[in-house]
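The values are calculated or read from the model by the stated rules, or taken from the named source; none is laboratory data. These figures come from a predicted structure and were not determined experimentally. Heads up, the Cβs are rebuilt from the backbone with ideal geometry, glycines too, and the neighbour counts pull from every protein chain shown. All accessible areas refer to the heavy atoms of the entire protein, side chains included, with ligands and DNA or RNA removed. Shrake-Rupley method; radii C 1.70, N 1.55, O 1.52, S 1.80 Å.
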Amino acid sequence: MYKDPAAWDRINSFALVSYIPEPLAGFLDRMRQELVPDCFLQAHVTILPPRPVSSSPGAAWDLIRWFAPQFAPFDVELTSVEVFPVSDVIYVNITLGTEQLTQMHAAMNADGLRFSEAFPYHPHVTLAQNLQPDQVDELTHVARARWAECSYAKTFRVDKAVFVQNTRKNGWIDLGECRLGHDDAKQVSELTNLLVL
């Protein structure tokens with residue numbers, strides 16, 4: 001997502017995601033950029049929402065590598081465009097796969113990755129957030145119209161979990177990738193040691 005950041009640019013904010021495959025991902029990416037022009041994040045389902053780690057990033061990665069083989073790959077289906085009532089986040093709802101994502105979230109929200117989140121975990125794909133109140137209705141209408149135009153299959157396989165870290169520029173870096181149901185995992189970027197206070 002964000003290439004070659006300086007070590008000082010990284011912050012103590014991590015998440016665990018599963019990227020959506022093409023061609024659906026490209027369609028969702030274009031929708032997001034239409035709704036929020038400066039958003040260049042890759043379409044994904046969040047397993048662990050952004051959080052500080054209370055351990056080292058390496059210890060958090062070890063925990064993810066231990067848990068990932070315990071979950072078999074599963075299918076996810078995206079359905080309707082909705083809005084979270086308190087945060088005004090516009091998202092695509094998930095039906096099939098919700099139970100597995102919730103189980104993964106509950107299991108991995110542990111030890112150095114444990115975090116008390118502001119909202120209950122609700123599997124979804126974010127389309128737009130941090131909006132002004134007067135933008136929400138119009139952008140929701142646009143999102144629903146675009147989603148209705150999507151001709152791609154809206155069901156896909158979740159078979160990988162990717163550990164990511166945020167930066168001061170809100171550019172997420174892929175740190176490591178685990179295949180669900182398998183012991184193999186690969187580190188794709190340096191796990192920068194952070195001073196955790």
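Details
- Residue in region 129-143 that is touching a strand residue (DSSP E or B) at 6+ places or on another chain (Cβ under 8 Å) and farther than 14 Å from ASP88 by Cα present: no
- In region 29-50, of all residues being surrounded by fewer than 17 Cβ atoms within 10 Å (Cβ to Cβ) and of a type in the set (Asp, Glu), the one that is modelled with the highest pLDDT corresponds to GLU34.
- Subset of region 156-174 [crowded, with 18+ Cβ neighbours inside 10 Å and either in contact with an Asp or Glu (Cβ under 8 Å, 6 or more places away or on another chain) or not in a strand (DSSP E or B) (or both)]: PHE156, VAL158, ALA161, VAL162, PHE163, VAL164, TRP172
- In region 59-81, the residues that are touching a residue at least 12 places away in the same chain (Cβ under 8 Å) and surrounded by fewer than 17 Cβ atoms within 10 Å (Cβ to Cβ): ALA59, PRO69, GLN70, ALA72, PRO73, ASP75, GLU77, THR79, SER80
- Residue count for region 107-154, restricted to those that are touching a residue at least 60 places away in the same chain (Cβ under 8 Å), touching a helix residue (DSSP H, G or I) at 6+ places or on another chain (Cβ under 6 Å) and open to solvent by 30 Å² or more (accessible area, probe 1.4 Å): 3
- Test: residue in region 187-197 that is within 20 Å of GLN33 (Cα to Cα), open to solvent by 40 Å² or more (accessible area, probe 1.4 Å) and free of Cβ contacts under 8 Å to residues at least 40 places away in the same chain: no
- Check on PHE84, of a type outside the set (Gly, Ala, Ser), closer than 30 Å to PRO133 by Cα and either open to solvent by 20 Å² or more (accessible area, probe 1.4 Å) or without any contact (Cβ under 8 Å) to a residue 24 or more places away in the chain (or both): yes
- The set of residues in region 7-28 that are open to solvent by less than 10 Å² (accessible area, probe 1.4 Å) and hydroxyl-bearing (Ser, Thr, Tyr) contains only SER18.
- The single residue among VAL136, VAL125 that is aliphatic (A, V, I, L, M) and touching a His at 6+ places or on another chain (Cβ under 8 Å) turns out to be VAL125.
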